[in-house]
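Asker: Structure in structure tokens, see below.
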Amino acid sequence: MALLPILTAPDPRLKKTSKPVASVDAETRQLMDDMLETMHAAPGIGLAAPQVGVLKRVIVLDIDREDVKTGPLFLANPEIVEASDDDLTYEEGCLSVPEHYAEVVRPGKVRVRYLDRDGKAQEMACEGLLATCVQHEIDHLDGVLFIDHISSLKRNMILRKLLKARKEQERDAAEGKPAKSKAKETTAAL
Ligand SMILES: [Zn+2]
């Protein structure tokens, strides 16, 4: 297993549409395992392959909350086949949009069809945080970030701050200064 570097916005690779995997082979399983390890280390509760620069329709999830515990979930070629009319508003974060959060409205319940780590076709009913998480990760496969669901004013402000933070990091690295320690994440990063 290996830790993979996580891309942050605005990286053009995060805006690309990912391709379905032909089958869940050894290479796909290796990617799934590396993604799970990377996500746990971040830490986060969801990660999509394009976030580590691999444009394949693969996501991993592992929600461990008082009310929702899923254990590790591996989804290849996930597809929403049903979505409820009732909405859920959740304050989302993203490992590719570090330290920024915003409320996003999505369907509160979805049914997702996918191939599991053994390549078997599965369907899963999701609600609450799991529904939010699955939709957030599938968005990544279509080049959509949670900040694309909020006002352009707020989105541009976040993107400007991310660029500024990245430039500061690059300057500090060039001057040989140690990297600033990351702020403690309080909201789930997906
Ligand atoms: Zn995300």
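Asker: Read through the list (1) within 22 Å of D34 (Cα to Cα); (2) part of a strand (DSSP E or B); (3) at pLDDT 95 or above, then give the number of the only condition that D118 fails.
Answerer: The one condition D118 does not meet is (2).
Asker: A further question on this structure: Residues in segment 104-111: is at least one within 16 Å of the ligand (Cβ to nearest atom), of a type outside the set (S, T, N, Q) and surrounded by 14 or more Cβ atoms within 10 Å (Cβ to Cβ)? So that I can check it myself, show each step before the final result.
Answerer: Initially, segment 104-111 is screened for residues within 16 Å of the ligand (Cβ to nearest atom), giving 104, 106.
Next, from what is left, pick out any that are of a type outside the set (S, T, N, Q): 104, 106.
In the following step, the residues that additionally are surrounded by 14 or more Cβ atoms within 10 Å (Cβ to Cβ) were identified as 104, 106.
For segment 104-111, residues within 16 Å of the ligand (Cβ to nearest atom), of a type outside the set (S, T, N, Q) and surrounded by 14 or more Cβ atoms within 10 Å (Cβ to Cβ): present.
Asker: A further question follows. So if I check each of A42, A26, which one is over 12 Å from the mean Cα position of the chain (by Cα) and at negative phi?
Answerer: Working: A42 fails: over 12 Å from the mean Cα position of the chain (by Cα).
None of the other options fit; the residue is A26.
Asker: Quick check: is even one residue across segment 150-165 assigned to a loop (DSSP other than H, G, I, E, B) and farther than 17 Å from A189 by Cβ?
Answerer: Checking segment 150-165: at least one residue is assigned to a loop (DSSP other than H, G, I, E, B) and farther than 17 Å from A189 by Cβ.
Asker: Go through the residues of segment 71-78 one by one and say whether even a single one is farther than 14 Å from R117 by Cα, surrounded by 14 or more Cβ atoms within 10 Å (Cβ to Cβ), in contact (Cβ under 8 Å) with a residue 24 or more places away in the chain and more than 12 Å from the ligand (Cβ to nearest atom).
Answerer: No, every residue in segment 71-78 fails to be farther than 14 Å from R117 by Cα, surrounded by 14 or more Cβ atoms within 10 Å (Cβ to Cβ), in contact (Cβ under 8 Å) with a residue 24 or more places away in the chain and more than 12 Å from the ligand (Cβ to nearest atom).
Asker: Looking only at segment 15-70, which residues are outside any loop (DSSP other than H, G, I, E, B), of a type outside the set (A, V, I, L, M, F, W, C) and touching a residue at least 40 places away in the same chain (Cβ under 8 Å)?
Answerer: K15, T28, R29, G46, P50, Q51
The values are calculated or read from the model by the stated rules, or taken from the named source; none is laboratory data. Here the structure is a predicted model, which means the values were calculated and not measured. Note: ideal-geometry Cβ built from the backbone for every residue, glycine included; neighbour counts use all protein chains shown.
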